[in-house]
Each structure stands twice: as C-alpha cells, then as structure tokens.
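Asker: I have a structure I would like to understand better, so I am pasting it below and will then ask my questions one at a time.
The values are calculated or read from the model by the stated rules, or taken from the named source; none is laboratory data. Since the model is a prediction, treat every value here as computed from it, not as a measurement. Heads up, the Cβs are rebuilt from the backbone with ideal geometry, glycines too, and the neighbour counts pull from every protein chain shown.
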C-alpha cells in the first residue's frame, strides 16, 4: 500500500504534467493556428500563464516530496542536507530545467508579440526536463530521447487545441472559425496522432521489454490501462473528425453542442491519462528491476 508521500507525489506529478503540457500545448497551437485562434488568444494566454504557474508550483512541491519520501517524514520537505543532495542528481537537473523553461514561458507570454518565440523555447526546455529523469532516463540513446520528445509534443499539441476549440464553439459562438480549426486540426492529426501512437509503442516496449511482463506485472497492467484510456481518446477524436466537425462545417448548430461535450470528455480522459502516467512513474518499478 503506497504511503502518504507516494500518493502526494502522484498528485503533484499529475498537476506538473497538466501544467506543463497544457501551457505548452496552448503555445504550440498559437503558432500552428494563428489565424483561427486570434479571437480567443487573450484567453489562451491567460490560461497558459495560469498553467505555467501551476507547473512551477507543482515542480517545487514534487522536488520537496522526494525529500519527504527519502526521510519518511515531513522533515524531508525542508531538510537542507537532503534537498542539497537531491539537487546534485538528475532530480535537481530536472527541476532546474523546469524552472528555467516555465520562467521563459511566463516571460514570453507576459511580453506578448515576439515574446511568443521565447515562450516556445521555454516549452521545449520544460518538456526536455521529463527526458532527463524517469524510467527512460538511464542508458538511452539520443534517438530514444527524441522519440520521447516527439511523444510529449504530440500530447501537448492535442491538449492545447481543446481550449480554443471549445471557446470558439460555445463562448464566442463563432462556429465558422471553430469548424475551420477543427478541420485543420483533423488534417494535422492524421500525422500527429500516428506519431504519438508510434512513439508510445516504442517507449512502452523499451520500458516493458516483453509480452510476458506486459500482462503479468503491475507495471505492464498499468500500461494496458493507460492504453485503454488513449483508445478512448482516439475514439472521441475520430468522432469529431468524421462526424461532428463536418456537421459543423455544413452549418448544423446542434453540432456545436456535441463538439463542446466531446471536448469536455477529452479533457477528463486526458486528466485520467496523466494520473495513470504519474502513478506509473511513482508507484511501480520497471519489470526488469523487480
């Protein structure tokens, strides 16, 4: 049974993933769909700032919780010796990258204009922090790191399109722009989503290593549960692309309501996926290390 510190670490990691991926995704979407999201750009900037702040707070809390997990009590949260030792490890490197990356994101968003480019650099820095730590951080080549970065960018991009799509559909009532955004995202998703799936399969195989481990270990079963959630996301994405967005383009006002509902469902499933990922990297050991 996980102790309180492990459970707290899962929650803080989930918030960290949500903060970094959502703020990063909103910035990526701004670059790719600048004309489609212009009407909701102020709202996107606001939520990107809030999510970057959430990511910064969660990064600091996650770092402190590792100290508590090592000492077994609350003293580890602020123990300077323990935190100092962790700072010299990959845990400290990851925290530094996250602080730098999310600070660049905040600075770029607050400046606006050309500052979006600075925010984009911050996104890449913050995402790279996940490659320096975790189950895949040890003894992997550059190609595997790039596969993981591709995976993270694809996830962030998908998450990032949900807010502007929902805002255009319901808040502004601009179904024409919403339809255009949904259509263009669907076109790009035909490349992004296969990349996400392929990268996920490669990473999963690197982690599990065999079909036996996939079906007979807690780690493997957790991956299967995560894959089931991702399958649900893909189903919602296909529904949007093939049914709802074409109806929206044709002028069906009811399609806007359906699109908003499916976007809300995607948000919920994404949170579940992030929670499963946080649990996977916190509570379970790699099959080869059992």
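Asker: Would you check if residue 185 is within 17 Å of residue 276 (Cα to Cα) and part of a helix (DSSP H, G or I)?
Answerer: The answer is no for residue 185.
Asker: Kindly check whether there is at least one residue in the range 238-259 that is within 21 Å of residue 18 (Cα to Cα), in a helix (DSSP H, G or I) and touching a residue at least 12 places away in the same chain (Cβ under 8 Å).
Answerer: Within the range 238-259 (the criterion being within 21 Å of residue 18 (Cα to Cα), in a helix (DSSP H, G or I) and touching a residue at least 12 places away in the same chain (Cβ under 8 Å)), the answer is no, since none of the residues qualifies.
Asker: Take the residues of the range 263-272 that are touching a residue at least 12 places away in the same chain (Cβ under 8 Å) and surrounded by fewer than 20 Cβ atoms within 10 Å (Cβ to Cβ): which is farthest from residue 161 (Cα to Cα)?
Answerer: Among them, the one singled out is 272.
Asker: Provide a single number: the residues in the range 108-149 that are modelled with pLDDT under 85 and closer than 19 Å to residue 205 by Cβ.
Answerer: 15
Asker: Next up: Taking only pairs six or more apart or across chains, which ones have beta-carbon atoms under 7 Å, a first residue in the range 134-160 that is at positive phi, and a second residue that is at pLDDT 80 or above and surrounded by 15 or more Cβ atoms within 10 Å (Cβ to Cβ)?
Answerer: Pairs that qualify, where the first residue is at positive phi and the partner is at pLDDT 80 or above and surrounded by 15 or more Cβ atoms within 10 Å (Cβ to Cβ), are 134/281.
Asker: Sort out for me the helices (runs of 4 or more DSSP H) sitting completely within the range 25-107 that have 2 or more residues that are surrounded by 15 or more Cβ atoms within 10 Å (Cβ to Cβ) and in contact (Cβ under 8 Å) with a residue 24 or more places away in the chain.
Answerer: Fully inside the range 25-107 and qualifying: 34-37, 41-71.
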